[in-house]
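Here's the structure, in C-alpha coordinates; my notes come after.
The values are calculated or read from the model by the stated rules, or taken from the named source; none is laboratory data. Predicted, not measured: the structure shown is a model, and the values here were computed from it. We place every Cβ from the backbone using ideal geometry, glycine too, and count neighbours over all the protein chains shown. SASA here: full protein model, heavy atoms, side chains in, ligands and nucleic acids out. Shrake-Rupley method; radii C 1.70, N 1.55, O 1.52, S 1.80 Å.
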Amino acid sequence: MHHMLLFSCSDGIKESEPHECGTGQETRCESWLTVWTVGLDGQICTHRNTGVRFGKGSTKYMSLQIHWNNVELKDDYTDNSGMRVYYTNKLQKYDVGNVQFGQEDLEIPPHTKFHRHSGGCSPYCTNYLLPQPIYLTRTYLHMHNLAVRGLLEQYRHGKLVNKIAYDQTYNYMSPPIHYHEPPIAVMPGDEVRLTCWFDTKSTDNLRNKTIYWGLGSEAEMCYAFVSYYPRVSYFNKCAQYDVYDTGVCVNYTGNLGSCHVEDWLGQLSDLFNRINQSCTNKTMPEICFPECQQHLNKFYSHNCMQGRVGELIKRTRLPHFTLWNKVKQFFWDSACSLVQW
(Lines give C-alpha, C1' and ligand atoms only; values in the text may rest on other atoms or scores of the structure.)
Protein backbone atom coordinates (compact mmCIF):
# COMPACT_ATOMS: atom_id res chain seq x y z
CA MET A 1 0.00 0.00 0.00
CA HIS A 2 1.19 3.50 -0.84
CA HIS A 3 -1.15 5.72 1.20
CA MET A 4 -4.67 6.33 2.52
CA LEU A 5 -6.55 9.65 2.60
CA LEU A 6 -9.74 10.22 4.58
CA PHE A 7 -12.02 12.96 3.21
CA SER A 8 -15.04 14.84 4.57
CA CYS A 9 -18.07 14.87 2.28
CA SER A 10 -20.85 17.39 1.79
CA ASP A 11 -24.58 16.74 1.97
CA GLY A 12 -26.25 14.58 -0.63
CA ILE A 13 -23.58 11.90 -0.81
CA LYS A 14 -24.93 8.35 -1.00
CA GLU A 15 -23.17 5.29 0.31
CA SER A 16 -21.37 3.31 -2.35
CA GLU A 17 -19.36 0.17 -2.90
CA PRO A 18 -15.57 0.35 -3.46
CA HIS A 19 -14.69 1.72 -6.89
CA GLU A 20 -11.86 3.32 -8.83
CA CYS A 21 -10.88 6.79 -7.58
CA GLY A 22 -12.39 9.66 -9.53
CA THR A 23 -15.34 7.68 -10.88
CA GLY A 24 -17.86 8.24 -8.09
CA GLN A 25 -19.29 10.78 -5.70
CA GLU A 26 -15.97 11.22 -3.88
CA THR A 27 -15.13 14.08 -6.27
CA ARG A 28 -17.45 16.13 -4.01
CA CYS A 29 -15.42 15.19 -0.92
CA GLU A 30 -12.82 17.96 -1.08
CA SER A 31 -11.63 18.44 2.52
CA TRP A 32 -9.17 15.83 3.71
CA LEU A 33 -9.27 14.87 7.38
CA THR A 34 -6.13 12.79 7.79
CA VAL A 35 -3.52 10.89 5.81
CA TRP A 36 -1.56 7.71 6.37
CA THR A 37 1.38 6.60 4.25
CA VAL A 38 4.25 4.13 4.33
CA GLY A 39 6.34 4.48 7.48
CA LEU A 40 3.81 6.32 9.67
CA ASP A 41 2.53 4.98 12.96
CA GLY A 42 -1.12 4.04 12.88
CA GLN A 43 -2.40 6.38 15.60
CA ILE A 44 -3.14 9.92 14.41
CA CYS A 45 -4.41 12.43 16.98
CA THR A 46 -5.63 16.00 16.66
CA HIS A 47 -4.02 18.81 18.67
CA ARG A 48 -5.51 19.52 22.10
CA ASN A 49 -8.73 21.55 22.06
CA THR A 50 -9.28 20.75 18.37
CA GLY A 51 -11.48 18.28 16.57
CA VAL A 52 -13.56 17.57 13.47
CA ARG A 53 -17.27 18.37 13.58
CA PHE A 54 -19.70 15.60 12.68
CA GLY A 55 -23.41 15.92 12.00
CA LYS A 56 -25.67 18.84 11.12
CA GLY A 57 -23.95 21.57 9.09
CA SER A 58 -20.67 19.66 9.00
CA THR A 59 -19.29 16.23 8.11
CA LYS A 60 -22.05 13.68 7.47
CA TYR A 61 -20.15 11.26 5.25
CA MET A 62 -16.54 10.29 4.77
CA SER A 63 -14.65 8.87 1.82
CA LEU A 64 -11.55 6.70 2.24
CA GLN A 65 -9.17 6.81 -0.70
CA ILE A 66 -6.61 3.99 -0.82
CA HIS A 67 -3.71 3.88 -3.27
CA TRP A 68 -1.94 0.60 -3.91
CA ASN A 69 1.27 0.23 -5.86
CA ASN A 70 1.21 -3.12 -7.66
CA VAL A 71 4.43 -3.00 -9.69
CA GLU A 72 4.32 -6.70 -10.62
CA LEU A 73 0.62 -6.48 -11.64
CA LYS A 74 -0.35 -9.47 -9.53
CA ASP A 75 -4.05 -10.31 -9.33
CA ASP A 76 -4.02 -12.35 -6.12
CA TYR A 77 -3.22 -9.63 -3.56
CA THR A 78 -5.73 -8.97 -0.78
CA ASP A 79 -5.88 -6.16 1.78
CA ASN A 80 -8.05 -5.32 4.78
CA SER A 81 -6.61 -1.90 5.62
CA GLY A 82 -8.81 0.90 6.87
CA MET A 83 -9.21 3.60 9.51
CA ARG A 84 -11.02 3.64 12.84
CA VAL A 85 -12.43 7.05 13.79
CA TYR A 86 -12.92 7.99 17.47
CA TYR A 87 -15.81 10.28 18.30
CA THR A 88 -16.64 12.37 21.37
CA ASN A 89 -19.83 14.29 22.12
CA LYS A 90 -17.77 17.00 23.84
CA LEU A 91 -17.42 19.92 21.41
CA GLN A 92 -13.82 21.05 21.10
CA LYS A 93 -12.78 24.72 21.16
CA TYR A 94 -11.42 24.82 17.59
CA ASP A 95 -12.28 23.08 14.34
CA VAL A 96 -9.15 21.41 12.99
CA GLY A 97 -8.12 22.14 9.41
CA ASN A 98 -5.73 20.29 7.14
CA VAL A 99 -3.85 21.78 4.22
CA GLN A 100 -1.52 20.34 1.60
CA PHE A 101 1.39 22.51 0.42
CA GLY A 102 3.71 21.61 -2.43
CA GLN A 103 5.07 21.74 -5.96
CA GLU A 104 3.41 19.73 -8.74
CA ASP A 105 5.83 20.48 -11.57
CA LEU A 106 8.57 17.93 -10.97
CA GLU A 107 11.08 17.08 -13.68
CA ILE A 108 14.06 15.27 -12.18
CA PRO A 109 16.88 14.54 -14.67
CA PRO A 110 18.84 11.27 -14.59
CA HIS A 111 22.28 10.94 -12.97
CA THR A 112 21.80 14.05 -10.81
CA LYS A 113 22.49 14.50 -7.11
CA PHE A 114 20.56 16.98 -4.96
CA HIS A 115 18.21 18.17 -7.71
CA ARG A 116 15.89 20.71 -6.08
CA HIS A 117 12.26 21.75 -6.57
CA SER A 118 10.39 24.41 -4.56
CA GLY A 119 6.79 25.55 -4.39
CA GLY A 120 3.89 26.10 -2.04
CA CYS A 121 1.49 28.77 -0.89
CA SER A 122 2.31 32.24 -2.21
CA PRO A 123 1.73 35.52 -0.32
CA TYR A 124 -1.12 36.21 -2.76
CA CYS A 125 -2.81 32.92 -1.87
CA THR A 126 -2.60 33.26 1.93
CA ASN A 127 -3.80 36.85 1.68
CA TYR A 128 -6.69 35.77 -0.56
CA LEU A 129 -7.69 32.64 1.36
CA LEU A 130 -7.03 33.40 5.05
CA PRO A 131 -9.48 35.74 6.83
CA GLN A 132 -7.39 35.57 10.02
CA PRO A 133 -4.16 33.95 11.31
CA ILE A 134 -4.03 30.16 11.47
CA TYR A 135 -1.86 28.05 13.78
CA LEU A 136 0.09 25.08 12.48
CA THR A 137 0.23 22.11 14.86
CA ARG A 138 1.55 19.13 12.91
CA THR A 139 3.56 18.61 9.69
CA TYR A 140 4.61 15.60 7.72
CA LEU A 141 6.66 15.87 4.50
CA HIS A 142 5.81 13.42 1.74
CA MET A 143 8.03 12.45 -1.17
CA HIS A 144 8.96 9.11 -2.74
CA ASN A 145 12.02 6.91 -3.07
CA LEU A 146 14.31 9.40 -4.82
CA ALA A 147 13.88 12.10 -2.17
CA VAL A 148 16.84 12.78 0.13
CA ARG A 149 15.85 16.00 1.91
CA GLY A 150 12.84 18.22 2.58
CA LEU A 151 12.33 21.66 4.11
CA LEU A 152 9.14 23.62 4.83
CA GLU A 153 9.68 27.33 5.54
CA GLN A 154 7.62 30.40 6.37
CA TYR A 155 8.39 33.82 4.90
CA ARG A 156 6.95 37.20 5.82
CA HIS A 157 7.59 40.23 3.60
CA GLY A 158 10.24 38.19 1.82
CA LYS A 159 12.17 37.30 4.98
CA LEU A 160 12.49 33.87 6.56
CA VAL A 161 10.69 33.74 9.91
CA ASN A 162 10.39 29.98 10.57
CA LYS A 163 11.75 26.63 9.52
CA ILE A 164 8.50 24.76 10.03
CA ALA A 165 9.83 21.26 9.30
CA TYR A 166 13.20 19.96 8.13
CA ASP A 167 13.99 16.38 7.17
CA GLN A 168 17.74 16.62 6.61
CA THR A 169 17.92 12.95 5.63
CA TYR A 170 14.58 11.91 4.19
CA ASN A 171 13.61 8.25 4.17
CA TYR A 172 10.44 7.29 2.31
CA MET A 173 9.95 4.23 4.53
CA SER A 174 10.16 6.14 7.84
CA PRO A 175 9.18 9.82 7.51
CA PRO A 176 9.02 11.70 10.82
CA ILE A 177 6.06 13.68 12.13
CA HIS A 178 6.85 17.24 13.23
CA TYR A 179 4.72 18.54 16.10
CA HIS A 180 4.70 22.31 16.63
CA GLU A 181 4.55 23.39 20.27
CA PRO A 182 3.71 26.18 20.55
CA PRO A 183 1.73 26.21 17.30
CA ILE A 184 3.20 28.32 14.49
CA ALA A 185 1.15 31.37 13.49
CA VAL A 186 0.72 31.96 9.75
CA MET A 187 -0.61 35.39 8.85
CA PRO A 188 -2.51 36.45 5.73
CA GLY A 189 0.18 37.51 3.25
CA ASP A 190 2.82 35.04 4.50
CA GLU A 191 4.45 32.56 2.15
CA VAL A 192 4.76 28.87 3.03
CA ARG A 193 7.41 27.30 0.81
CA LEU A 194 8.37 23.64 0.50
CA THR A 195 11.73 22.58 -0.99
CA CYS A 196 12.45 18.98 -1.92
CA TRP A 197 15.80 17.49 -2.96
CA PHE A 198 16.10 14.37 -5.13
CA ASP A 199 18.95 12.00 -6.02
CA THR A 200 19.06 9.99 -9.27
CA LYS A 201 22.82 9.42 -9.21
CA SER A 202 23.62 7.27 -6.17
CA THR A 203 23.75 3.51 -6.60
CA ASP A 204 20.45 2.79 -4.83
CA ASN A 205 18.64 5.62 -6.63
CA LEU A 206 20.25 5.43 -10.06
CA ARG A 207 17.85 6.42 -12.84
CA ASN A 208 18.55 6.55 -16.58
CA LYS A 209 15.51 8.60 -17.51
CA THR A 210 13.75 11.76 -16.37
CA ILE A 211 11.31 11.29 -13.47
CA TYR A 212 8.13 13.39 -13.26
CA TRP A 213 5.44 14.11 -10.68
CA GLY A 214 2.95 11.25 -10.35
CA LEU A 215 0.73 9.27 -8.01
CA GLY A 216 2.65 5.99 -8.16
CA SER A 217 5.77 5.18 -6.17
CA GLU A 218 7.83 5.02 -9.37
CA ALA A 219 7.09 8.75 -9.92
CA GLU A 220 7.79 11.53 -7.40
CA MET A 221 5.96 13.98 -5.16
CA CYS A 222 6.84 17.07 -3.15
CA TYR A 223 4.16 17.74 -0.53
CA ALA A 224 3.74 18.81 3.06
CA PHE A 225 0.59 17.66 4.90
CA VAL A 226 -0.13 20.17 7.66
CA SER A 227 -2.77 20.31 10.41
CA TYR A 228 -3.84 23.70 11.77
CA TYR A 229 -6.59 25.60 13.58
CA PRO A 230 -9.05 27.26 13.28
CA ARG A 231 -10.28 25.60 10.09
CA VAL A 232 -10.78 27.85 7.06
CA SER A 233 -13.29 26.69 4.44
CA TYR A 234 -11.62 25.57 1.19
CA PHE A 235 -8.11 26.02 2.61
CA ASN A 236 -7.24 22.36 2.14
CA LYS A 237 -4.66 22.61 -0.66
CA CYS A 238 -2.31 25.44 -1.59
CA ALA A 239 0.24 24.35 -4.16
CA GLN A 240 1.99 25.54 -7.30
CA TYR A 241 2.75 24.23 -10.75
CA ASP A 242 6.11 25.77 -11.66
CA VAL A 243 5.63 29.42 -10.60
CA TYR A 244 1.84 29.33 -11.04
CA ASP A 245 -0.63 29.20 -8.17
CA THR A 246 -3.23 26.45 -8.51
CA GLY A 247 -6.55 25.52 -6.93
CA VAL A 248 -8.94 27.84 -5.13
CA CYS A 249 -6.45 30.69 -4.80
CA VAL A 250 -6.84 31.41 -8.52
CA ASN A 251 -10.49 32.15 -7.76
CA TYR A 252 -11.86 29.13 -9.62
CA THR A 253 -10.64 30.51 -12.96
CA GLY A 254 -8.83 27.26 -13.81
CA ASN A 255 -5.91 29.31 -15.11
CA LEU A 256 -2.27 28.36 -15.08
CA GLY A 257 -0.70 31.71 -15.84
CA SER A 258 -2.54 33.02 -18.91
CA CYS A 259 -3.81 29.57 -19.90
CA HIS A 260 -7.33 28.44 -19.04
CA VAL A 261 -6.58 24.73 -19.27
CA GLU A 262 -10.07 23.22 -19.47
CA ASP A 263 -11.33 25.81 -21.98
CA TRP A 264 -8.35 25.09 -24.21
CA LEU A 265 -8.77 21.32 -23.97
CA GLY A 266 -12.45 21.76 -24.82
CA GLN A 267 -11.47 23.36 -28.16
CA LEU A 268 -8.99 20.71 -29.21
CA SER A 269 -11.25 17.98 -30.60
CA ASP A 270 -12.67 20.41 -33.16
CA LEU A 271 -9.25 21.95 -33.91
CA PHE A 272 -7.60 18.55 -34.34
CA ASN A 273 -10.38 17.53 -36.76
CA ARG A 274 -9.74 20.69 -38.78
CA ILE A 275 -6.02 19.97 -38.86
CA ASN A 276 -6.67 16.41 -39.97
CA GLN A 277 -9.03 17.53 -42.74
CA SER A 278 -6.87 20.37 -44.03
CA CYS A 279 -3.52 18.56 -43.86
CA THR A 280 -4.36 14.98 -44.92
CA ASN A 281 -3.23 14.23 -48.49
CA LYS A 282 -2.09 17.81 -48.89
CA THR A 283 1.06 17.89 -46.83
CA MET A 284 4.18 17.29 -48.89
CA PRO A 285 7.87 17.72 -47.97
CA GLU A 286 8.27 20.81 -50.15
CA ILE A 287 5.08 22.71 -49.35
CA CYS A 288 2.81 23.65 -46.44
CA PHE A 289 -0.67 24.48 -47.66
CA PRO A 290 -2.10 27.74 -46.19
CA GLU A 291 -5.16 26.21 -44.51
CA CYS A 292 -3.05 23.46 -42.93
CA GLN A 293 -0.47 25.98 -41.75
CA GLN A 294 -3.18 28.24 -40.37
CA HIS A 295 -4.65 25.52 -38.14
CA LEU A 296 -1.24 24.22 -37.01
CA ASN A 297 -0.17 27.77 -36.14
CA LYS A 298 -3.35 28.29 -34.14
CA PHE A 299 -2.54 25.19 -32.13
CA TYR A 300 1.19 25.55 -31.59
CA SER A 301 1.19 29.31 -30.97
CA HIS A 302 -1.58 29.22 -28.37
CA ASN A 303 -0.42 30.47 -24.95
CA CYS A 304 -1.46 27.14 -23.38
CA MET A 305 1.18 25.39 -25.49
CA GLN A 306 4.06 27.57 -24.31
CA GLY A 307 6.67 27.01 -21.60
CA ARG A 308 6.18 24.71 -18.62
CA VAL A 309 2.39 24.75 -18.94
CA GLY A 310 2.68 23.58 -22.54
CA GLU A 311 5.04 20.79 -21.50
CA LEU A 312 2.55 19.65 -18.87
CA ILE A 313 -0.36 19.59 -21.33
CA LYS A 314 1.66 17.76 -23.98
CA ARG A 315 2.84 15.14 -21.50
CA THR A 316 -0.33 14.49 -19.51
CA ARG A 317 -3.41 15.64 -21.47
CA LEU A 318 -2.84 15.50 -25.23
CA PRO A 319 -2.12 11.73 -25.37
CA HIS A 320 -5.80 11.20 -24.50
CA PHE A 321 -6.85 12.74 -27.84
CA THR A 322 -7.18 10.20 -30.67
CA LEU A 323 -5.76 12.55 -33.33
CA TRP A 324 -2.81 13.85 -31.31
CA ASN A 325 -0.26 11.52 -32.93
CA LYS A 326 -1.44 12.53 -36.41
CA VAL A 327 -1.19 16.22 -35.56
CA LYS A 328 2.40 15.73 -34.41
CA GLN A 329 3.17 13.85 -37.62
CA PHE A 330 1.78 16.61 -39.83
CA PHE A 331 4.04 19.06 -38.09
CA TRP A 332 7.19 16.95 -38.26
CA ASP A 333 6.87 15.54 -41.79
CA SER A 334 6.20 18.64 -43.86
CA ALA A 335 7.30 22.15 -44.59
CA CYS A 336 4.89 23.11 -41.82
CA SER A 337 7.64 22.04 -39.45
CA LEU A 338 9.17 25.44 -40.18
CA VAL A 339 6.36 27.00 -38.18
CA GLN A 340 7.93 28.13 -34.93
CA TRP A 341 6.81 26.40 -31.76
**Listing of strands (runs of 3 or more DSSP E) fully contained in the range 124-243 that carry 1 or more residues being among the acidic types (Asp, Glu) and out of contact with any Ser or Thr (no Cβ under 7 Å at 6 or more places or on another chain)** = 147-156, 159-167, 178-186
**Residue tally, condition touching a Phe, Trp or Tyr at 6+ places or on another chain (Cβ under 9 Å) and not hydroxyl-bearing (Ser, Thr, Tyr), over the range 13-44** = 15
**Within the range 109-121, tally of residues that are at pLDDT below 95 and either of a type in the set (D, E, K, R) or buried (at least 22 other Cβ atoms within 10 Å of the Cβ) (or both)** = 1
**Complete:** Checked the range 65-81 for anything open to solvent by less than 80 Å² (accessible area, probe 1.4 Å) and free of Cβ contacts under 8 Å to residues at least 60 places away in the same chain; matches are Asn70
**Message:** What are the pairs with Cβ atoms under 9 angstrom where one residue, in the range 91-104, is within 19 Å of Leu215 (Cβ to Cβ) and open to solvent by 50 Å² or more (accessible area, probe 1.4 Å) and the other, located anywhere, is assigned to a loop (DSSP other than H, G, I, E, B) and among the acidic types (Asp, Glu)? Sequence gap at least six, or different chains.
**Reply:** none
**Message:** With the requirement that a residue be surrounded by 16 or more Cβ atoms within 10 Å (Cβ to Cβ) and outside any strand (DSSP E or B), what does the range 45-54 give you?
**Reply:** Thr46, His47, Val52
**Request:** Could you check Met62 against (1) open to solvent by 80 Å² or more (accessible area, probe 1.4 Å); (2) at pLDDT below 85 and say which number it fails?
**Result:** (2)
**Message:** Can you tell me which condition Val232 does not meet? The list is (1) closer than 22 Å to Trp32 by Cα; (2) exposed (fewer than 15 other Cβ atoms within 10 Å of the Cβ); (3) touching a residue at least 12 places away in the same chain (Cβ under 8 Å); (4) not polar (S, T, N, Q), and all the others hold.
**Reply:** (2)
**Fill in**
Of the residues in the range 152-185 that are touching an Asp or Glu at 6+ places or on another chain (Cβ under 9 Å), under 16 Å from Ser227 (Cα atoms) and among the β-branched types (Val, Ile, Thr), the one that is least open to solvent (accessible area, probe 1.4 Å) is Ile164
**Request:** Could you give me the residue pairs with C-beta distances under 9 Å whose first residue belongs to the range 312-341 and is more than 20 Å from Leu256 (Cβ to Cβ), whose second residue is at pLDDT 80 or above and assigned to a loop (DSSP other than H, G, I, E, B) wherever it lies, and which are 6+ apart or on separate chains?
**Result:** Val327/Phe321; Val339/Ser301; Gln340/Ser301
**Prompt:** Which ones in the range 253-266 are closer than 27 Å to His3 by Cβ and assigned to a loop (DSSP other than H, G, I, E, B)?
**Reply:** Gly254
**Asked** Any residue at all in the range 16-24 that is in contact (Cβ under 8 Å) with a residue 40 or more places away in the chain and either assigned to a strand (DSSP E or B) or among the acidic types (Asp, Glu) (or both)?
**Response** no
**Request:** Would you point out which residue out of Gly57, Gly42, Gly120 is at negative phi and either of a type outside the set (Asp, Glu) or not in a loop (DSSP other than H, G, I, E, B) (or both)?
**Result:** Gly42
**Prompt:** In this structure, does Ser174 turn out to be small (Gly, Ala, Ser) and farther than 24 Å from Asp105 by Cβ?
**Reply:** yes
**Message:** Can you tell me which condition Glu20 does not meet? The list is (1) open to solvent by less than 90 Å² (accessible area, probe 1.4 Å); (2) within 18 Å of Leu215 (Cα to Cα), and all the others hold.
**Reply:** (1)
**Prompt:** acidic (Asp, Glu) and touching a Pro at 6+ places or on another chain (Cβ under 9 Å) - does that describe any residue in the range 91-99?
**Reply:** yes
